[in-house]
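Heads up, the thing below is written out as structure tokens.
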Amino acid sequence: MIRCEGLTLKAGARTLINALAWQANAGENWVVIGRNGAGKSTLLKTLAMLHAPDGGRVLLDGAPLGSFRARERARRIAYLPQAQHDAFGYRVLDVVLAARHPHDAGYWESDAEIERAHAALAELDLSGFAERDVRTLSGGERQRAALAALIAQDAPLWLLDEPSAALDLAHQMALASMTARARAAGRTLITVSHDLNLALQDATHALLLMGDGRWHAGETATLGAELLGDCLGYPLEALRHRGRTLYLPRGAGPC
Ligand SMILES: Nc1ncnc2c1ncn2[C@@H]1O[C@H](COP(=O)(O)OP(=O)(O)OP(=O)(O)O)[C@@H](O)[C@H]1O
């Protein structure tokens with residue numbers, strides 16, 4: 001699906017990621033983990049072709065990312081950035097309909113497209129919000145509108161930059177079910193998250209960025225508290241609970 005060959009990313013003189021040789025396949029859910037500034041968002045932007053690599057290349061379905069026309073790329077890759085910036089007062093429905101443009105040859109949206117956009121809003125618990133000015137939404141509502149747009153785009157590859165950051169607990173759990181369904185349907189998910197236990201709930205694999213160019217990629221079952229703690233700069237302990245491994249900061253507890 002998406003593959004990095006010797007991908008190197010830098011920020012000024014600093015090497016964020018050195019010679020990344022990695023690929024994510026259909027039906028895999030990758031979580032990207034690392035400290036602030038480790039290069040997670042820069043990697044996601046590079047996979048979305050919004051940032052140029054300092055070395056190496058990215059292949060999508062075997063072809064260089066740059067060889068796809070923009071419309072074709074948008075049919076294959078849906079990218080949810082860390083934050084949304086709304087300069088204009090579009091309706092929430094228009095934000096979701098805009099995500100259908102790669103699929104729609106005409107200028108005006110068909111009834112079927114409008115129906116699909118409403119269905120995506122309903123999936124994100126936003127049915128009553130279609131006519132609202134997007135600038136009036138709360139942070140979590142705006143994030144859910146962006147997730148509705150992502151669903152409507154119907155791309156096989158999802159790049160999600162901290163999708164749960166603004167969501168309340170109930171909507172975090174709804175997001176977890178949504179991503180699990182997407183993976184079960186064969187989509188590829190690559191998610192940046194600081195919420196380790198939520199992200200690992202359905203993740204099949206993890207990509208750890210150590211912040212100095214080093215990286216580790218593998219199945220989540222091979223992760224351990226020591227490696228994760230090294231990556232995050234804080235010692236962790238692993239707890240088994242109802243068949244899951246949970247990671248907690250070591251020593252955390254009531255004072
Ligand atoms: N133009 C620039 N000049 C220098 N450093 C930059 C520039 N642009 C980005 N950086 C640095 O690149 C690093 C990687 O940024 P990135 O947004 O990818 O981090 P991240 O891992 O997503 O962090 P966070 O967890 O805080 O979101 C950061 O330290 C950032 O300050």
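Once the stretch 2-33 is narrowed to residues that are on the phi > 0 side of the Ramachandran plot and in contact (Cβ under 8 Å) with a residue 12 or more places away in the chain, the residue that is farthest from the ligand (Cβ to nearest atom) is Gly27. In the stretch 172-215, the residue that is nearest to Ala155 (Cα to Cα) out of those that are assigned to a strand (DSSP E or B) and small (Gly, Ala, Ser) is Ala206.
If Asp86 satisfies every condition in (1) in a loop (DSSP other than H, G, I, E, B); (2) touching a residue at least 40 places away in the same chain (Cβ under 8 Å); (3) within 16 Å of the ligand (Cβ to nearest atom); (4) at negative phi but one, which is the exception? Against the list (1) in a loop (DSSP other than H, G, I, E, B); (2) touching a residue at least 40 places away in the same chain (Cβ under 8 Å); (3) within 16 Å of the ligand (Cβ to nearest atom); (4) at negative phi, Asp86 comes up short only on (3). Taking the conditions exactly as written (modelled with pLDDT of 95 or more and closer than 16 Å to Leu80 by Cβ), does Arg132 satisfy them or not? Against the criterion (modelled with pLDDT of 95 or more and closer than 16 Å to Leu80 by Cβ), Arg132 does not qualify. On the stretch given as the stretch 157-183, residues that are touching a Gly at 6+ places or on another chain (Cβ under 8 Å) and surrounded by fewer than 18 Cβ atoms within 10 Å (Cβ to Cβ) total 1. Any residue in the stretch 117-142 that is surrounded by 17 or more Cβ atoms within 10 Å (Cβ to Cβ) sitting within a Cβ distance under 6 Å of a residue that is acidic (Asp, Glu)? List the pairs, counting only those 6 or more apart or interchain. Partner pairs satisfying both residue conditions: Val134/Asp86. For Ala199, the stated conditions hold: it is assigned by TED's automatic domain parsing to the domain that holds Asn25, among the small types (Gly, Ala, Ser) and under 27 Å from Arg73 (Cβ atoms).
The values are calculated or read from the model by the stated rules, or taken from the named source; none is laboratory data. Bear in mind that the values here come from a model prediction, so they are computed numbers and not experimental data. Heads up, the Cβs are rebuilt from the backbone with ideal geometry, glycines too, and the neighbour counts pull from every protein chain shown.
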